[in-house]
Every structure is written in structure tokens, then in C-alpha cells.
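Heads up, the thing below is written out as C-alpha cells.
The values are calculated or read from the model by the stated rules, or taken from the named source; none is laboratory data. The structure presented is a predicted model; accordingly, all values stated were derived computationally and were not measured. Don't worry about glycine lacking a Cβ; one is built from the backbone with ideal geometry, like all the others, and counts go over all protein chains shown. Note: accessible area is taken over every heavy atom of the protein model, side chains too, but ligands, DNA and RNA are not part of it. Shrake-Rupley method; radii C 1.70, N 1.55, O 1.52, S 1.80 Å.
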Amino acid sequence: MIEHRDGTFYLQTAHTSYWFTVTEHGHLEHIHYGPRLAIQDPSALRWSRVARGGSTVAYVPEDVRYSLDTLPLEFSGIGQGDYRTSPCEIRIPHVGYDLDLVHTGHAIHAGTLSARTLPTAHGSPSEATTLVVDLVDERAGIAVALHYTVFAAADVITRRVVVRNTGAAEVVVEKLLSFQLDLPEATLGDAPRLITLDGAWIAETHAHDRPLGPGFSGVSSSTGSSSNRHNPGFLLAATDAGEDHGRVHGFNLVYTGNHHSSVERGATGLLRVAGGINPQGFSWPLSPGEEFETPEAVLAFADTGFNGLSERMHRFVNDHVLPPRFRRTPRPIVYNSWEAISFDVSERRLLKQARRAADLGMELFVIDDGWFAGRKDDTAGLGDYTVDATKFPRGLDPLVAKLAKLGLQAGIWVEPEMVNEDSDLYRAHPEWALRIPGKPPRPGRQQHVLDLCNPDVCDYLVDSVGALLDAHDFRYVKWDMNRHLADAHSPHVRAPGMTAHQYVVNLHDVLRRIFEPRPHVLLETCSSGGNRFDLAMLSHSAMIWASDDTDPIERLEIQQGLSYLYPLSTISAHVSNAPHQQTLRDTPLSTRFNVACFGVLGYEYDLELLSSEERKEVREQIAFYRAHRDLFQYGRFRRHRKPHPDRFVWQVDDGERTIVGNFQRRITAAPAPDLLPVVGLEPGTTYRVRSKPQRLMIDRFGDLINHVTPVRLDPRGMVLSTAAKFTSLTDAAEEYVGTGALLAQGIRLHHQFSGTEYHPGIRMLGDHGSTLYVVERLEEGP
Ligand code: DGJ
């Protein structure tokens, strides 16, 4: 809901308010972003101006107390006496950088207003309202439109900016951020915190939480994509905020390209938060009459801690970012060929896996990399999507038909933005790769980036991927992208500083042109795992491959980091082999599943190598996931405060059902009993909490197995290895009963094994152990 009263704009969501007003000199003064307040005279929340600021410059000589440097502002210009970072640097001929943006009018629209060039969030008139505020600097010939969309039920406000050259000469946009927010620092306590999601390949989105220092802090990327180094999303939290209490602000961008967000902590008592396209290497000339639009920024606030903030962001992404055709739809359980077979795919090898996958209950079979001509390894083939006749002599259709007979839908992997030098496409069109004139293009994973600024390249991608999808009955595509941009120069843009952004604009257009007309195809995007885990990619896809790292212990950090801002329905997570191919860590099959089920479950495993016991375990895992799929994909997710640095506790619930996962990274000797809180239940109702049955594979215990066997076995001998294939122990069967109020205190879990004795009531966690607890309602409270 948006109201404009006496020069003040009141943006109201279900639980938050965002207010700003027009000052006597026409600037937009930010007043409040926080808990919802009834609409009223906002004067008491306005920043004091009764004394002149020291070391400031007055905006006009006749009003010396009015300095832009000490005001909370909605969107600063440049050169007017506000010395904090400007969201907007536009070079005006003969003037340089001087922009005084003053209010001229506004309009309110029902629903969302789509951007011309970039994906934006969507919402019907009953879900969203958009305010467009016009600011102008007439002398500079610049008009700026600030867009605010209020998603009332989701408790999210989005912002973006459109700038227009209204003058007679070309200007150059050198920096244009999507939003600026000047927040009173004291609302976040004496030591506000910044939380960012950072990492690298196979170690993406680890959450880092630190006190905000003076000066600048922030995140950015210059890889051409949203990047695995610093996700565009971040949070600002009050000193004392925790998972379930305290004030937290969340920010994200609907953008896939180079991004830059900063928090400036100065001495004025205001924090300036701003974010958008990274100005490094960016410049965009605007001829008279032309416009440039920024990506959309997403803002949310909660005074109910990180979990409260996450719940709002999750709902927003599910309902207003993901394509409407995937809204709240169940994601299938996927089998993916990559980790088991790599490039060595063939009809015979894939079918062997498919028979097992179908038998175990999987639903969709993905033919990953290696299926097309010349793709023997990563040195060749990218660019040519014709089927490799040696691997598939009869083409892909017989395989797809056999998958269908097995009850499996078929999916296919592509990496269309890339080209190998050893490909027909590159031999025909070497000029289609991005390159600096006069220099050979630099390879990354032995491949080059196609110049998506070239419309012919875009048409080629739309036609070739479109033809592939139309020729076969594929219900799923994994769209991969395995390198960063370098040599970002295209002859198809007017100025060099346009290449990286134009690439992203055209990429989204290509994705739209391919997938919108084919709504039966589920799209999963991927970029060496989570190198492009962002809201703009999610505006086309149902989910994103979160990381090439499927080691569950690494995934605890990765998925927990993502969960701050992205819902579980978007986090693709697979069970794979152990010892793990990237970490050599040996983890129990139960933990690999227990982590992957908090997301979109899949398997990426040589199923032929599973023992009979492991097959039973996987079959039960899949049945369990299917029974609770809606809870794992769309339930309310909560992170519990970590009781110990090596423990993670996750919960999903939907008001009816609750499942809690307890994960132990590392055991400490002589552990004290663990507490397991179960929250959000009805205080007076009685519940039963039972551990999900799971198997302990006996070969995990080596010689220790002799403590429980009647005859002595050689841990490396035939007898034990044969027995391990067909027998297992039951992991502790636990059961606890109590009211919701009691369970919230933290169940005192059974002792875990600590070398004193073994019996089936003892939890056998060790390093990397985990358990899922299923909560069932027994009787209503009075
Ligand atoms: C990187 C992806 O993240 C993997 O899952 C796999 O698809 C490979 N690319 C294939 O080359």
C-alpha cells in the first residue's frame, strides 16, 4: 500500500513501513524504514536540522542549516555538498559531474512495472503497488525516475532507477546504482553488523558476520557474473540480533552481472547503504532522448531476527521472482550423470544408471556434459550441439524413449554461452568470441565466451537450443556456464564500457526467448555450481545448482549461507559418493541425504556400485523425501542458533508438520548431552518427536565391529565386506514426547557414543553424523 499525504510518501507492507518526504528544496529525505507504523505526522522521526553542521557546505546561501551532507536522502546527486558516496555519476559535457536532483512529480500504479531490458519481480495489482517519483536536474538535462514497488504481503520493497537524457548533447553514465538508503545507525545498536555471503568455486556462499567498521564495507564482483566470490545479497543486523530476535535488514539485486554494494559508516550518525551495477569498467553513453535502467534492488526488514528476514525473502522469491509457471510447483527428484560418469556418457552406460534410478524412485534423468559431437573432454565440442554418433549411434531419442518407459522424464545439459576453439562453431566464427582487438582471447576451462552483444550470436543460441528442445522430449535443461568473463570487448556496442552489462541484458533476452515459449521445460541454471546464484537467473529458472561441492559437510555452510536470502525450492542439492571427489572426506550416506533433503533433492552417484544395504537406504530416503517434499521445498525454514561451532540445526515446518535436522561436523571426546530445540509448535499441544530411521553401515566401524559380533572378524576380510553389503545396524531409534512449550526448551537428546558402551539407544554420530527428527501431533492442548 502506498499513500502520499502532505508531501510525504508512506509505503506500507504488512509488517514494515518505509517513509520519505520532499524537503523545502525539493530533495527526498528518508524518514523511516523499520517496523510498521500507523500513518501519521512523521516530524518526530525527521533528522534534526536546528543547528548548522560543522565542516559542511550549505545547499543555498539563504538557508545555511540545510546541508545535503547531513540529511538522510533517498537518492543523492553529485557535487551539491553531500560528500558521502553518490549512487549516480553522470558526465555532462562542459560541466563534468554536477547533478542536483529535485522532485517534480510522482505517479502510483497498481501492480509491477516491468523493466525494458532486465528481469524484474512480478506481482498482480492485488499483490503489488508501484510508485514512480520523478527527479530532475533541468540545467544538466537529466531526468531520474525512482521506482518503488511495495509487495505488501511479502513484506518486501523493491527499488530501481531509470535515467533519461533530456538535454541536447550526449552524456555518459559512469555510475548508476539501483538504490541508496540512509539509515540512522543507532537503530542497529552500538555495533551494527554486516553479513555477506562469500566464497570461491566449491566453497560458495559462506556467511561472514562482522561488526561494521568505520569507512566503507561491502561486496562486489568483476567476473562478469554475480560470482561465487561475493553474492550480491547481504544483510545488516543490530548488535544484538539473533536468529529469532532483533532488527535485520536484507538487500539483494535482481542482477547477474558485475555488482557493487557498500555500506558507508561516517560520523553523521547515518549509514549509507547503496548497491547496483559495479561502476568498475562500466560506462554507458546516452544520446538525447535515450534512457538507461538499473537492475532492481530488493529490500526487506524484520525485527524478528535473521529467520524473520529469511522468511520474507523466501516468500518473495517463491511468489514474485521465480517464473509464475514454477510458482510453488513440486521439483522432481533428479538423477544427474556428471559425478558418476563425467564425459564418458553413452546410451548403454546411462541406461544402466537409469534402470537403477527408476527402481530407487527417482523421477527425472539428466544427461549431463559429454553427449555432443567432439566432447571427449573439456577441450572440445562446446558450440556444436549435434549428438555424438559414436556415443549415441541411434541419436538421443531411443534413450529418451527408454527413460520414459522406466517412468523417468529426460533432461539435458547445455553450455550455450561458451565455445571451444576445437569446434565447428569456432572454426566458422572465431570472431564470435569476446576478445580485445589484436590479442588472442584468454581461455578459462579451455573455452572462450561467446559475444552475446552480437545479435547473430543470440539468434544462433535461441535457434540451436530451441531446435534441440523441439527435437526431443526433454522436460528439463541444465544451463551451465563455466568461466568468468575476460577480454570484455565487443564491436557490437557503442562504447567499451557497455560490453559486460549488454552481455547480461542479452543473456536474459536469450533465456526468455528460449524458455518462455516452452513452459513444459524445467530450467535449472548452473555456473560451475554457484557462480551465478542470483535473483535474475532465478527469474527464468526453478532452481540453481548451488555448488559443485556435494560433500555434505561443506554443503552445511553453503546451503546455510544461501538460506539467508534464497528459499529451499531454489537450492539444488545432490547426494553423491564418499570419500568425496573434492575433499576426500568420508561421510555416511545418511548425512549426505539429510543435508541434501533441505533443498531440491537429487542423486549424482554411480548407482551400480551401491550395495544392497545402500540401495535400501536410498529407496527409503526417496520415499521419505517424496512424503515430505512440499515441506522441504516450501515449508518455513529456520536456522537454529548454533549450539556449538561444529553443530548445525535446521528446521522446516508448515504449521502442520515439522522436521528438524541435527548435524554434527566433528565429535568432541566425552560430549555432554545435546539440546535440540523444536520451535513454532502450539505450546499446549502434545507432540511426539521420533528420529527418522537410518542405517549404520557396519564397514564404517573397522575392527570396532568385533565389540558387538559373536565371532571375531577381520575388518579387511571377505566376511566383513560381504556382510556389510547385506546387513547394517539401526541408528539410534529415539523418541521424545512433550508439549510445544516443553519441546521449545530443547530436548535433551540421548547420549552419543563416547567409547563407554554401545546399545541401540545410543546416538552413533561421530564426525559427520546427523539425524532427522520428525514431529507428530498427538493431542490438542486444552
Ligand atoms: C560444471 C557443473 O557445475 C557440473 O555439475 C557439471 O555439469 C560440469 N560443469 C560439466 O562440465
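Counting only Cα atoms, the chain measures 98, 72, 42 Å along its principal axes, largest extent leading. For the peptides 712-721, 157-166, residues were scored by their other Cβ atoms within 10 Å and the scores averaged per peptide; the highest-first order is 157-166, 712-721. FRET efficiency for the pair R690 and T239, taken as 1/(1 + (r/R0)^6) with r the Cβ-Cβ distance and R0 = 35 Å, rounds to 0.35. The GluC sites (Glu not before Pro) of segment 22-119 that meet both conditions, a loop assignment by DSSP and at most 12 other Cβ atoms within 10 Å of the site Cβ, are E24, E62.
Would you please give the FRET efficiency between E780 and S721, computed as 1/(1 + (r/R0)^6) with r the Cβ-Cβ distance and R0 = 45 Å, to the nearest 0.05? After rounding, the FRET efficiency stands at 0.30. Take the Cα of R748, go 7 Å toward its beta carbon, and the backbone nitrogen atoms of segment 635-679 under 14 Å from that spot belong to 672-676. Modelled label positions at D473 and T329, each set 7 Å beyond Cα in the direction of Cβ, lie 1.7 nm from each other. Accessible surface ranking for T112, T570, T668, 1.4 angstrom probe, highest first: T668, T112, T570.
Share of carbon and sulfur in the accessible area of segment 377-504 stands at 55%, probe radius 1.4 Å.
Multiplying the sequence separation of Q581 and E682 by 0.36 nm and subtracting their Cα-Cα distance, what value in nm do you get?
Gain on extension, Q581 to E682, equals 32.0 nm.
Once backbone amide H atoms are built at 1.01 Å from N, L382 has N420 as its partners under 5 Å, excluding neighbours fewer than 5 places away on the same chain.
For trypsin sites (Lys or Arg not before Pro), the sites in segment 51-100 that DSSP calls loop and that have at most 13 other Cβ atoms within 10 Å are R52. Based on C-alpha pairs under 8 angstrom that are at least 6 apart in sequence, the chain has a relative contact order of 10 percent.
Applying the criteria of a DSSP loop state and at most 13 other Cβ atoms within 10 Å to the GluC sites (Glu not before Pro) of segment 113-182 yields E138.
Proximity of backbone amide H atoms, modeled 1.01 Å from N, is registered between A191 and T239 at under 5 Å, excluding neighbours fewer than 5 places apart on the same chain.
Below 8 Å between Cα atoms, with a sequence gap of 6+, how large is the relative contact order for segment 13-126 in percent? For segment 13-126, the relative contact order is 18 percent. With a simple spin-label model that places each label point 7 Å from the Cα along the Cα-to-Cβ direction, the separation between A110 and L406 comes to 5.1 nm.
The 3J(HN,Hα) values that the Karplus relation (6.51, -1.76, 1.60; θ = phi - 60°) gives for segment 186-195 are, in residue order, 5, 5, 10, x, 8, 9, x, 10, 10, 10 Hz. Gly and Pro appear as x.
Using the Karplus relation 6.51 cos²θ - 1.76 cosθ + 1.60 with θ = phi - 60°, the per-residue 3J(HN,Hα) values for segment 221-226 come to 9, 10, 7, x, 9, 5 Hz, with x marking Gly and Pro. Taking amide H atoms as placed 1.01 Å from N in the peptide plane, the amide H of S178 lies under 5 Å from those of G275, G276, I277, each 5 or more residues away in sequence or on another chain.
Of the solvent-accessible surface of segment 230-297, computed with a 1.4 Å probe and all protein chains present, 49% belongs to carbon and sulfur. Couplings 3J(HN,Hα) for segment 230-243, derived from phi with the Karplus relation 6.51 cos²θ - 1.76 cosθ + 1.60 (θ = phi - 60°), are 9, 5, x, x, 7, 10, 10, 10, 5, 3, 9, 5, x, 4 Hz, where x marks Gly and Pro.
Each part gets one Cα centre, and for segment 220-294 versus segment 353-424 those centres are 38 Å apart.
Enter the Cα centre distance for the pair segment 540-586 and segment 629-706, rounded to the nearest angstrom. Answer, in whole Å: 18.
Using a cut-off of 26 Å between Cα atoms, the listed pairs K352/K478; K405/K616; K376/K439; K405/K478; K376/K616; K391/K478 include K376/K439; K376/K616 as exceeding that distance.
For an R0 of 41 angstrom, estimate the FRET efficiency from the Cβ-Cβ distance between T730 and D654 and round to the nearest 0.05. Kindly include the intermediate steps, with their values, before the conclusion.
Details: r = 28 Å, r/R0 = 0.69.
Between T730 and D654 the formula returns 0.90.
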